[in-house]
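First comes the structure, then the notes that go with it.
The values are calculated or read from the model by the stated rules, or taken from the named source; none is laboratory data. These numbers come from a predicted model, not from an experiment. Here the Cβ positions follow ideal geometry from the backbone for every residue, glycine too, while neighbour counts run over all protein chains shown. Keep in mind that these areas ignore ligands, DNA and RNA; they rest on the heavy atoms of the full protein, side chains included. Shrake-Rupley method; radii C 1.70, N 1.55, O 1.52, S 1.80 Å.
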Amino acid sequence: MTGPERPDLGPALTRPFTGIEAEEVADIGPVIRGKVRDVVDLGERLALIATDRLSAFDRVLGTVPYRGQVLNQLSAWWFERIADLVPTHMVEVPDPNVMVVRKCRTLPVEVVVRSRLTGTTGTSAWTLYAAGARRVYGIRFPDGMKKNDPLPRPIITPTTKGTTGAHDRPITERDIVDRGLVEVSEWDEVRSIALAVFERGQEAAAAAGLVLVDTKYEFGIDPEGRVTIIDEVHTPDSSRFWRAATAEERIAAGKEPENLDKELVRLAYAAQGFTGDGDPPPLATKLGVAAARAYLEVFGALTGRPLVPAAYPAAPRVITAIRARHRP
């Protein structure tokens, strides 16, 4: 079924947005290609281009229809709703796949907030616990816990930021400060903000019939010296969402909750025996479509409106939007 609630995936499926070529904007500024995002330096600002490339296990696996648009527009939606809690780097969204942001000094750790003992990757709390660890990220866990069990309260489990192709590594909060990765005062502020933003996210998710299980935040220091939230917030790429109506029943029956996020892909790959080592198999079309449907469901549930698909091919409109914001 297609229509306003289920947009046609065809244009994004047959001509996925994999990014722009550096020479197409060479007169504007250099392009940095990350795993799933292209970044154009506009001088005092950056143009972040969200593509349909999907990364899991620190590898680019393939493309998911409308992934970039969902993440870009959903992050913008969240930035507006947490602006009272923390400064954000967002300036404007000139295109469904583009966000113009202020330049910040990025802090070299990823801040992961968790409310459940779960996960699939090598840095997940459940993976480490299942392997026998009882002190994870400097936090003591009791014996006898099962996958997807709730934690007494949300915890922060940071990781180092791996370069392209390299895995993120667990790190304790104490090590972050002792190694000088983040100043004590900055980390105290980051910790407080992360927990407040997560609480806000859980409230909004619950109102939308979802469970915000865990999430990843990135922070930076803006030109005024303020701790600022950057990158993306509470998207199906950076967060784990469950369908609330069935979550507890499925967990009690020993089943996985209904995942509406990138965990769909991770679980499918883990079932094939791939958990991050070696070359991954390409993302199957059927799995990419399932991920797209989940991303679109989360977008609609949270924002209260369906995604309005942008035109494909996407690169021409993206480049036009960036050129219009360029200040020679």
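Only one of the numbered conditions (1) touching a residue at least 24 places away in the same chain (Cβ under 8 Å); (2) open to solvent by 50 Å² or more (accessible area, probe 1.4 Å) is violated by Trp126, and that is (1). When His234, His326 are checked against the criterion of being of a type outside the set (Gly, Ala, Ser), open to solvent by 10 Å² or more (accessible area, probe 1.4 Å) and over 15 Å from Tyr66 (Cβ atoms), His326 stands alone in meeting it.
Take Thr127 and decide whether it is within 23 Å of Arg174 (Cα to Cα) and part of a helix (DSSP H, G or I). The answer is yes for Thr127. The numbered conditions (1) more than 27 Å from Leu181 (Cβ to Cβ); (2) at pLDDT below 95; (3) open to solvent by 10 Å² or more (accessible area, probe 1.4 Å) are all true for Gly34 except (1).
Only one entry of Val91, Val101 meets the criterion of being β-branched (Val, Ile, Thr), open to solvent by 10 Å² or more (accessible area, probe 1.4 Å) and in a strand (DSSP E or B), and that entry is Val91.
Residues that are open to solvent by 30 Å² or more (accessible area, probe 1.4 Å) and of a type in the set (A, V, I, L, M, F, W, C) were ranked within the stretch 237-257; the one that is nearest to Ser185 (Cα to Cα) is Ala244.
The single condition from (1) at pLDDT 95 or above; (2) assigned to a helix (DSSP H, G or I) that Val182 fails is (2).
Determine whether Leu61 is within 25 Å of Tyr269 (Cβ to Cβ) and assigned to a strand (DSSP E or B). Spelling it out, Leu61 is indeed within 25 Å of Tyr269 (Cβ to Cβ) and assigned to a strand (DSSP E or B).
One residue stands out in the stretch 137-159 among those that are out of contact with any helix residue (DSSP H, G or I) (no Cβ under 8 Å at 6 or more places or on another chain) and either within 21 Å of Glu256 (Cβ to Cβ) or among the hydroxyl-bearing types (Ser, Thr, Tyr) (or both): the one that is least open to solvent (accessible area, probe 1.4 Å), namely Thr159.
Quick one: which of Leu195, Leu260, Leu212 is at negative phi and either among the small types (Gly, Ala, Ser) or open to solvent by 30 Å² or more (accessible area, probe 1.4 Å) (or both)? I'd like the intermediate steps shown before the answer.
Values: Leu260 fails: either among the small types (Gly, Ala, Ser) or open to solvent by 30 Å² or more (accessible area, probe 1.4 Å) (or both); Leu212 fails: either among the small types (Gly, Ala, Ser) or open to solvent by 30 Å² or more (accessible area, probe 1.4 Å) (or both).
Result of the check over Leu195, Leu260, Leu212: Leu195.
For the stretch 51-83, what are the residues that are touching a strand residue (DSSP E or B) at 6+ places or on another chain (Cβ under 9 Å) and at positive phi? Gly62, the sole residue that qualifies.
Cβ-Cβ distances below 7 Å connect the following pairs, each with a first residue in the stretch 64-86 that is over 14 Å from Ala294 (Cα atoms), a second residue that is open to solvent by less than 10 Å² (accessible area, probe 1.4 Å) and part of a helix (DSSP H, G or I), and a separation of six or more residues or different chains: Ile82/Val197; Leu85/Val197; Val86/Val197. For Asp214, the conditions (1) touching a Pro at 6+ places or on another chain (Cβ under 8 Å); (2) in contact (Cβ under 8 Å) with a residue 60 or more places away in the chain are fulfilled apart from (1).
Between Leu283, Leu287, Leu296, the distinction of being over 25 Å from Thr123 (Cα atoms) and surrounded by 15 or more Cβ atoms within 10 Å (Cβ to Cβ) belongs to Leu296 only.
Tell me, which residue of the stretch 130-160 that is among the hydroxyl-bearing types (Ser, Thr, Tyr) and outside any strand (DSSP E or B) is farthest from the chain's Cα centre (by Cα)? Explain how you work it out, then say what you get.
Residues of the stretch 130-160 among the hydroxyl-bearing types (Ser, Thr, Tyr): 137, 157, 159-160.
Retained after the next criterion (residues that are outside any strand (DSSP E or B)): 137, 157.
Numbers: Tyr137: 21, Thr157: 16 Å.
Filtering first and then ranking leaves Tyr137.
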